[in-house]
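The values are calculated or read from the model by the stated rules, or taken from the named source; none is laboratory data. All of these numbers come straight from a predicted model, not from anything done at the bench. Cβ placement follows ideal geometry from the backbone for every residue including glycine, while neighbour counts extend to all protein chains displayed. What goes into the accessible areas is simple: the full protein's heavy atoms, side chains included, and nothing from ligands, DNA or RNA. Shrake-Rupley method; radii C 1.70, N 1.55, O 1.52, S 1.80 Å.
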Amino acid sequence: MKAILFTGPEQIEYTEVPTPTPGPEDILVKVAAVGICASDEELLSGEHPYIKNGNTVYPVLPGHEWSGHIASFGSEVPEGLFTQGDAVTADVTMSCGKCSMCKEGRYNLCTNRGVIGSYKNRAGAYAEYITVPWKHVYRLPEGMSLDTGALSEPSATALYTVKRVGIDPGATVAIFGDGPIGLLITSFARALGAGKIIQIGSWNEKLDISRSLGADEIINYHDEDVVKKIGEATEGKGADIIFESSGNDLAFSQSAEALAPGGKLGLVSFYRKTQFEAPINALITKDASIYGTLASPNTTAPVLKLINSGSVHPEYIITHHFPLEDAEKAFALIRERKECRVKILLHP
């Protein structure tokens, strides 16, 4: 089959690789759409933490945001659960189901986990086919497009973050970052009862999308003092809840400063710097709660129901489509930063 491999830093190859064979408990899926994630960019550049700490090595077959049709089953997949041709997606974390974290339902922290398209070199979906254990596979609701289905993973990540931090009814929420996760957090925060929502970003076009997803106020950090504007929008109190989705150390510092006393800060991005200076006393003196969030355990099924109900609209963030063989052109578009883009989908 054809696939995209990252063979080293900044090295992309569209090449032939063996078509995977499903194990006894696996399902083989023909990929229809796969999204480019910021973490894929970090894998390509060599800046991803998994590359730096040796948990992932080149070559990498990336891609963890995907949908497709079932092609075949392993011999131990429960009969009648799925049908050949079903439109499906899957979790990003493949767990063992036996360790203490799995038994607690926190399989994103499984000690034996693999992560599709990255951690421990679990093969991803930048390819014609992918295999996944049946217990991590979800049928798309009838009528849901495959493009929308491919966004179930970033949507699940956003929903997990929002649910882990918790949206107090009527709370003022600020989201740092206008990338896919930041915009999707806005959509779920609105659906789950936020009062005022403030989106911070760098592209006016993306901030316009945030309004369609539920943002009440937008701040372009190129043009305005972010902490000052959040203060003005909250009558000096600060935001009750802040989600920092950009992975930028300055944004972390601004989040600490803009948070209301007793507020909650959710962190949902890897930082390229493993250490940096931040106004930590601002968080201490505010008696703040900080939440780290990783992946999207137990969230794919609920997110598919929310999308299908029309409560959220992840499809609004799709801006570009490329055939899989043009992945290098897609990454060039991202790197050049000349054209606004949010979510790019590749199609094998």
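Here are the numbers:
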quantity	calculated
5 Å binning of all Cα-Cα separations within the stretch 158-242, expressed as whole percents from 0 upward	3, 17, 30, 25, 18, 6, 0
Only Lys, Arg (+1) and Asp, Glu (-1) charged, at Cβ; the stretch 66-208 dipole about Cα centre in debye	640 debye
Helical mean residue ellipticity (222 nm; -39500 (n - 2.57) per DSSP H run of 4+; nearest 500) of the chain	-8000 deg cm²/dmol
Distance-filtered residues of the stretch 133-155 - backbone nitrogen under 20 Å, label point 7 angstrom along Thr83 Cα→Cβ	134-135, 137-146, 149
Neighbour net charge for Pro314 - beta-carbon separation under 11 angstrom, K R +1, D E -1	-3
q = 0.11, 0.17, 0.22 Å⁻¹, the stretch 176-311: log10 I(q)/I(0) [Debye, one scatterer per Cα]	-0.39, -0.95, -1.51
Prolate/oblate/rounded label for the stretch 262-348 (Cα gyration tensor, a/c 1.5)	oblate
Tail fraction, Cα-Cα pairs, the stretch 9-51, threshold 16 Å, whole percent	60 percent
Efficiency of FRET between Ser145 and Glu232 - r from beta-carbon atoms, R0 25 angstrom, step 0.05	0.05
Pairwise label distance in nanometres, Lys196 with Thr15, each label 7 Å out on the Cα-Cβ vector	5.4 nm
Cα-based convex hull volume of the stretch 104-146 per residue, rounded to whole Å³	114 Å³
Dipole of the stretch 1-96 [Lys/Arg +1, Asp/Glu -1 at C-beta], most positive-end residue of His48, His69, Gln11	Gln11
Dmax and Rg, reported as Rg then Dmax, of the stretch 1-133 (C-alpha, Å)	15.0, 44
Dimensions (Å) - the stretch 41-116, Cα atoms, principal axes, largest first	43, 30, 18
Carbon and sulfur %, accessible surface of the chain computed with the full protein complex present, 1.4 Å	49 percent
Antiparallel DSSP beta bridges within the chain, as percent of all bridges there, nearest 5	55 percent
Under Karplus coefficients 6.51, -1.76 and 1.60, residue-wise ³J(HN,Hα) of the stretch 91-105 in Hz, glycine/proline x	4, 8, 9, 9, 9, 7, x, 10, 6, 5, 5, 4, 5, 7, x
Eligible lysines near Lys264 by straight Cα distance, threshold 29 Å, same-chain separation 8 or greater	Lys103, Lys163, Lys196, Lys206, Lys228, Lys229, Lys237, Lys273, Lys286, Lys305, Lys343
Virtual paramagnetic centre 7 Å along Cα→Cβ of Asn308, amide N under 18 Å, in the stretch 91-126	91
Shape call, the stretch 94-252: gyration tensor on alpha carbons, a/c limit 1.5	prolate
Given charges at beta-carbon only (K, R positive; D, E negative), |dipole| of the chain in Debye	760 debye
